[in-house]
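Every number here is computed from the coordinates shown, using simple stated rules; none is lab data. Fair warning: this is a prediction, and the values are worked out from it, not measured in the lab. Here Cβ is always computed from backbone atoms with ideal geometry, including for glycine, and neighbour counts include all displayed protein chains.
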Amino acid sequence: MTMDVQVENEIDPSPHARQIFEKEFMPHLDAMYNFALRLTNDEDDAQDLVQDTCLKAYRFINSFEPGTYAKAWLFRILKNNFINDYRKKSRGPSKVEFEWVEQSFAGEDDPEPSHQADLHAETVNEMLGDEITKAIQALPVDFRMIIILCDLEEFSYEEMAKILNIPIGTVRSRLHRARALLKDSLATYAKSKGYKADTLSGND
Amino acid sequence: MDKEASPEEEAAFLANKDQCIPCQEGYELETSLKKAIKEKCTSKCPDELFTRIKEKLFLLIILISILIPLFC
C-alpha cells in the first residue's frame, strides 16, 4: 500500500497535465501502436505495451518539456518498456518463409549478405505489404527497430540515437546492416516466389 | 535518402549517380524499399485501445484525487 501511494503521488492529476497528454501524446497513438506491433509481433502484446507506455508517460509527464518532440520522447519510453518488460515474452517472428534472415544473421560486423544484387526496385514495387511486413518482422529486433524508426516514422539519425540510446555512428552502421539484411531476405523470397524472374541475376 | 546528407554531399552524389549504373540501381532499390515500408506497413491503433487508455487514465486520476488528500 505504501508503495502504491508513493507511485500514485508521482502522478500529476492536474488539468494541465491532462491537457498535455491529450494534445501532445494522444495524436501519436497510431505510430506507437504500429511500432509496438512490429516489436512484439502480437496484437494483444502491442496493445498492452502501448497502454503501459501511455500510463508511464503520464506518470512522468512533469519531466516532459512542452514544445519538444513528444513523439521521440514517447518512443523512447516505449522502447525501454519493451526491452524491460516485453522482450522475453514477445512472440518470435514468423519462421515459415523468412527463417533465412535468422540463419544469415550473426552480428553487425558480418560481411554483406549475398543476395542484394538479385533484388530490383520493380520487384519491391510489386510486393504486397504483408510480404514486406513479414520480412521486417523476421529481422532481429535491433535491426527491426531501426528500420521502423527511420523508414516508417522518419526520425532523424540524431533522434534515433536518443531513442535507442546509442551513438549516431552506430545508428548509421546498424541501419546500413538492417537494410542489407532486409534486401537479402526479400531477394531470396522474391526468387522463391518467382517474382520478376527475368530480372533476377540468378547468382547464388 | 534519409535527408541526412549536407547539400554539398547530396549534389556530389546526384552528379555521380547519373554516370554510374550500379549507383542508380542501388538508389532506386533503396528508395523503393523505403517507400514500400512507409506505404504498406502501417497499422492503425484499434479504437478500443484509444478508449481503454482514456478510461484507465480517467480512473487513475479520480483515484489519485481521492487518495492524495487522505495521505497528505
Pop out the ³J(HN,Hα) list for the stretch A:43-60 in order, Karplus 6.51 cos²θ - 1.76 cosθ + 1.60 with θ = phi - 60°, rounded to Hz; leave Gly and Pro as x.
5, 5, 4, 5, 5, 5, 5, 5, 4, 4, 5, 5, 5, 5, 4, 5, 4, 9
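When every alpha-carbon pair in the stretch B:1-41 is counted, what percent end up more than 15 Å apart?
Working: 404 of 820 pairs.
More than 15 Å apart: 49 percent of the Cα pairs in the stretch B:1-41.
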For the pair B:Glu10 and B:Arg52, how long in nm is the line joining their label points, each one 7 Å along Cα→Cβ?
4.2 nm
In peptide B:49-60, what is the residue-averaged number of other protein chain Cβ atoms found within 10 Å of each Cβ?
5
Which ³J(HN,Hα) values, rounded to whole Hz and listed in residue order, are derived for the stretch A:21-31 from phi using the Karplus coefficients 6.51, -1.76 and 1.60 in 6.51 cos²θ - 1.76 cosθ + 1.60 with θ = phi - 60°, glycine and proline given as x?
4, 5, 7, 9, 9, 4, x, 9, 4, 4, 5
Compute the signed sum of charges (Lys and Arg +1, Asp and Glu -1) over the other residues within less than 14 Å, Cβ to Cβ, of B:Gln24.
-4
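Please average, across the residues of A:23-32, the number of beta carbons from any other chain that are within 10 Å of each residue's own beta carbon, and give a whole number. Each step should come with its number before you reach the end.
Working: counts 0, 0, 1, 4, 0, 1, 6, 5, 3, 2.
Neighbouring Cβ atoms belonging to other protein chains average 2 per residue here.
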Explain nothing, just compute: Karplus ³J(HN,Hα) = 6.51 cos²θ - 1.76 cosθ + 1.60, θ = phi - 60°, for every residue of the stretch B:26-38 in order, whole Hz, x for Gly and Pro.
x, 5, 4, 5, 4, 5, 5, 5, 4, 5, 5, 4, 5
